[in-house]
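Asker: Got a structure here, written out as structure tokens. Questions coming.
The values are calculated or read from the model by the stated rules, or taken from the named source; none is laboratory data. What you see is a predicted model; the values in this text were computed from it and never measured. Here the Cβ is made from the backbone with ideal geometry for all residues, glycine too, and neighbour counts use every protein chain on show. Heads up: the accessible areas ignore ligands, DNA and RNA and are worked out on the full protein's heavy atoms, side chains in. Shrake-Rupley method; radii C 1.70, N 1.55, O 1.52, S 1.80 Å.
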Amino acid sequence: MRRNRAAVLLSAALLTGCGVPSSGGVEVWDQDPVQSDQEGPAEQQYVPTDDSESTVKNFLHAAAGSDVDRQNRLDAFTEEPENYSNPADGIGIIDVAATGYDGRFDDTSHATVEVTGRRTGTYLPDGRVRTNPDPAEYNFTFELEREDYGDTWTIVDVPTDLVMLRDAFHELYESSPVYFEATGGGSTNLLVPDLRWIYKNPRGGKESLEKRFSWVLQGPSDLVSQTARNAIPSGVSADMTVEDDVVAVDLTRTDSTTEIDPGKISAIAAQLVWSLGLNSAAQPLELSFDGGDTRAAGTIDNWRSWNAVPSPSGSDEAAFYIQDGTVYQYDNNNTHNSTPSPVYPWVGFHAEGLTAVAVEDQRLAAVIGDGLYTSSWSDPANDLVPVLKGKEFSHPQWLDSKHLLCIVDGRLSLVNVVDGTDSELSQSPVTDVAVSAEKRRVAYVSNGKVFLAPIIFSGDSVSLGSPTRIAYDIGDVTSVAWASESNLWIAGAKRDLSPSIHRQTIDGAEGEQKQDAIALEFTDLAARQADPTDPQARFGEPLVGVANGRLMRSYTSTLVDLEGTEGAQSPFVVLQGAENTAPK
């Protein structure tokens, strides 16, 4: 029997159709390791000071962080408790430049600080960030008082609308995706990440675990719900008990007609260990039903294959590209060759007019002239089978053994390689496409903008859900590639600046510009995704692209121009599946 555990208990009834608000995007980041109850590093204190501008900045930090004592943190700045907007409505995120604070003294006991910026988004209770496509202006004049010079300031006029600085969000929150079971055909036994953000709690991991667990029970966001479901069935209550040595979850039927399918045990356990970030053998999951014996126990390692992004190995920094109709391999030593190997037997494949290749699960797709072909990956020169001819094909990407996502005559299309048919999925022209590792999301470029859409498997058919524009502040986009489960590499320009490569989360909450790639226009990007078990990883290696007609590799702060790659095109990487340490 499962041991009784006193500790924090979180219980929630799961109702059919329970979900998150319909507005807003999704988020995805890397989960932090589960911490014990021991205290972490000292928590940064944001309190009133004897400097008026610092006091206002600290106030704009105070709404960020733990829900438990938010009101107390805010009340420290005012003489009397204030009534603020309900955190359930979200906390605004405002971007204020260093020059956005205008402080003035009337005398030593009275000051005003005018804050000017932009409201870029809202942090929602379910951990998502809803980014504003057109950020509204933010302006508020804070009035402060104190009794004498050297005393700390008290804010006498505060905004009642809860907001936090964008800098505070970046400093105090980290990505923490929750995961849901992929639905439909295609690859099975996979999870779809759903990006959320969580407070970096320095006081221990229980509060974080509780928060993540509540997000799992609420179900997937609108975008992810089109292509994934909660493996935890409706009609049960879910209790989580946390101690240093174990995270115990018990699912209890709320009525006698509810059935918990034994075949779903692995899916439920996989969803929980990944969502809760149980990546340490020192703190595994124990899953039980109706208070009975443990039905599944382990960590992420035991359900590693449920995440489609593999952890890198020593040889994984390889990338591939086409040059003069031949497949070349680029390796970590900044060298390239066309010699096949047992691991990469398709390297050296040559065909006149070869312009693109996609390789996955020992199958290969190739664009040769005006035709699309498939073959085994071991001997493509002799195994080629024509699928379609007489059209313009580019950017083929495998969805499953029957379907390719491909740009056909300038439109994003689904190709059935078995019956040789294609169907148009987009009405607007598409110039680049990147399918996520689990095959349930696709980012693509249309008219210089980036869009994200769910890929929906239903029986034998495949379709796209409604696309959402992302990365609003990046225009003239030429290429896109997945950097991690929730981050994209985007080649484009911000606010009419020079083109570069940008990394941005799919919700737009966080990102950076690569300084080494400024003023270079990349026409093709390819990248290995970050290891999802590494809580600090934002991107994987390598990131390669084509600029000025040559292949280039972008490191963290260095760009390497690879000699001898003139005319390179259509770079790609190949993901090898991850294995479980013990089957479940």
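Asker: In this structure, is I265 farther than 17 Å from P193 by Cβ, open to solvent by 10 Å² or more (accessible area, probe 1.4 Å), modelled with pLDDT of 90 or more and among the aliphatic types (A, V, I, L, M)? Talk me through it step by step, then tell me what you get.
Answerer: Details: farther than 17 Å from P193 by Cβ: yes; open to solvent by 10 Å² or more (accessible area, probe 1.4 Å): yes; modelled with pLDDT of 90 or more: yes; among the aliphatic types (A, V, I, L, M): yes.
In short, yes.
Asker: Name, by its number, the condition in (1) over 27 Å from A63 (Cα atoms); (2) open to solvent by 30 Å² or more (accessible area, probe 1.4 Å) that does not hold for E181.
Answerer: Here E181 meets the rest and fails (2).
Asker: When Q529 is evaluated against the numbered criteria (1) outside any loop (DSSP other than H, G, I, E, B); (2) open to solvent by less than 30 Å² (accessible area, probe 1.4 Å), which criterion, by number, is the only one it fails?
Answerer: All conditions are met except number (1).
Asker: Which residue is nearest to S52 (Cα to Cα), if the candidates are limited to region 100-136 and must be under 22 Å from the mean Cα position of the chain (by Cα) and of a type in the set (G, A, S)?
Answerer: G121
Asker: Take the residues in region 70-88 that are assigned to a helix (DSSP H, G or I) and within 30 Å of the chain's Cα centre (by Cα), then tell me which one is surrounded by the fewest Cβ atoms within 10 Å (Cβ to Cβ). Break it down stepwise before answering.
Answerer: Taking region 70-88 first, the residues assigned to a helix (DSSP H, G or I) are 70-75, 87-88.
In the following step, the residues that additionally are within 30 Å of the chain's Cα centre (by Cα) were identified as 70, 87-88.
On the way: R70: 17, P87: 15, A88: 7.
Of everything passing the filter in region 70-88, A88 is surrounded by the fewest Cβ atoms within 10 Å (Cβ to Cβ).
Asker: Collect the residues in region 89-109 that are open to solvent by 100 Å² or more (accessible area, probe 1.4 Å) and more than 16 Å from I155 (Cβ to Cβ), keeping them in residue-number order. Write out each step before concluding.
Answerer: Within region 89-109, the first condition is being open to solvent by 100 Å² or more (accessible area, probe 1.4 Å), and the residues that meet it are 89, 99, 104-106.
If the condition is that a residue be open to solvent by 100 Å² or more (accessible area, probe 1.4 Å) and more than 16 Å from I155 (Cβ to Cβ), then D89, T99 are the ones that fit.
Asker: Would you be able to say whether some residue in region 196-211 is under 25 Å from A270 (Cβ atoms), without any contact (Cβ under 8 Å) to a residue 12 or more places away in the chain and among the hydroxyl-bearing types (S, T, Y)?
Answerer: Taking every residue of region 196-211 in turn, none turns out to be under 25 Å from A270 (Cβ atoms), without any contact (Cβ under 8 Å) to a residue 12 or more places away in the chain and among the hydroxyl-bearing types (S, T, Y).
Asker: Can you tell me how many residues in region 393-425 are polar (S, T, N, Q) and not in a strand (DSSP E or B)?
Answerer: Our first condition is that a residue be polar (S, T, N, Q); within region 393-425, this holds for 394, 397, 401, 413, 416, 421, 423.
From the residues that got through so far, the ones that are not in a strand (DSSP E or B) too are 401.
Count: 1.
Asker: Hey, another quick one. Quick check, is V163 buried (at least 22 other Cβ atoms within 10 Å of the Cβ), over 30 Å from A267 (Cα atoms), among the hydrophobic types (A, V, I, L, M, F, W, C) and modelled with pLDDT of 95 or more? Before you say what the answer is, go through the steps one by one.
Answerer: On the way: buried (at least 22 other Cβ atoms within 10 Å of the Cβ): yes; over 30 Å from A267 (Cα atoms): yes; among the hydrophobic types (A, V, I, L, M, F, W, C): yes; modelled with pLDDT of 95 or more: yes.
For V163, the condition - buried (at least 22 other Cβ atoms within 10 Å of the Cβ), over 30 Å from A267 (Cα atoms), among the hydrophobic types (A, V, I, L, M, F, W, C) and modelled with pLDDT of 95 or more - is met.
Asker: Cβ-Cβ below 9 Å, separation at least six or inter-chain, first residue in region 285-298 and of a type in the set (K, R), second part of a strand (DSSP E or B) and surrounded by 17 or more Cβ atoms within 10 Å (Cβ to Cβ): which pairs?
Answerer: R295/E286; R295/L287; R295/S288; R295/F289
Asker: Checking the condition assigned to a strand (DSSP E or B), surrounded by fewer than 21 Cβ atoms within 10 Å (Cβ to Cβ), in contact (Cβ under 8 Å) with a residue 12 or more places away in the chain and acidic (D, E), which residue from D476, D516 passes? Spell out the reasoning first.
Answerer: On the way: D516 fails: assigned to a strand (DSSP E or B).
Among D476, D516, only D476 is assigned to a strand (DSSP E or B), surrounded by fewer than 21 Cβ atoms within 10 Å (Cβ to Cβ), in contact (Cβ under 8 Å) with a residue 12 or more places away in the chain and acidic (D, E).
Asker: While we're here: Among the residues of region 439-458, are any open to solvent by less than 10 Å² (accessible area, probe 1.4 Å), farther than 21 Å from A471 by Cα and not β-branched (V, I, T)?
Answerer: Here is the first cut: in region 439-458, the residues open to solvent by less than 10 Å² (accessible area, probe 1.4 Å) are 440-443, 445-446, 450, 452-455.
Keeping just the survivors that are farther than 21 Å from A471 by Cα gives none.
Scanning region 439-458 turns up no residue that is open to solvent by less than 10 Å² (accessible area, probe 1.4 Å), farther than 21 Å from A471 by Cα and not β-branched (V, I, T).
Asker: Looking at this structure, is A297 within 30 Å of T335 (Cβ to Cβ) and touching a Pro at 6+ places or on another chain (Cβ under 9 Å)? Give the steps one after another, and end with the answer.
Answerer: Values: within 30 Å of T335 (Cβ to Cβ): no; touching a Pro at 6+ places or on another chain (Cβ under 9 Å): yes.
Criteria not met by A297.
Asker: Further question: Give the residues of region 518-536 that are out of contact with any helix residue (DSSP H, G or I) (no Cβ under 7 Å at 6 or more places or on another chain) and farther than 25 Å from A358 by Cβ, sorted by residue number.
Answerer: Going residue by residue through region 518-536, those that are out of contact with any helix residue (DSSP H, G or I) (no Cβ under 7 Å at 6 or more places or on another chain) are 518-532, 534-536.
Passing the criteria: I518, A519, L520, D534, P535, Q536.
Asker: Does G545 fit the bill of being closer than 17 Å to Q329 by Cβ, buried (at least 18 other Cβ atoms within 10 Å of the Cβ) and of a type in the set (G, A, S)? Let's see the steps before the verdict.
Answerer: Details: closer than 17 Å to Q329 by Cβ: yes; buried (at least 18 other Cβ atoms within 10 Å of the Cβ): yes; of a type in the set (G, A, S): yes.
Against the criterion (closer than 17 Å to Q329 by Cβ, buried (at least 18 other Cβ atoms within 10 Å of the Cβ) and of a type in the set (G, A, S)), G545 qualifies.
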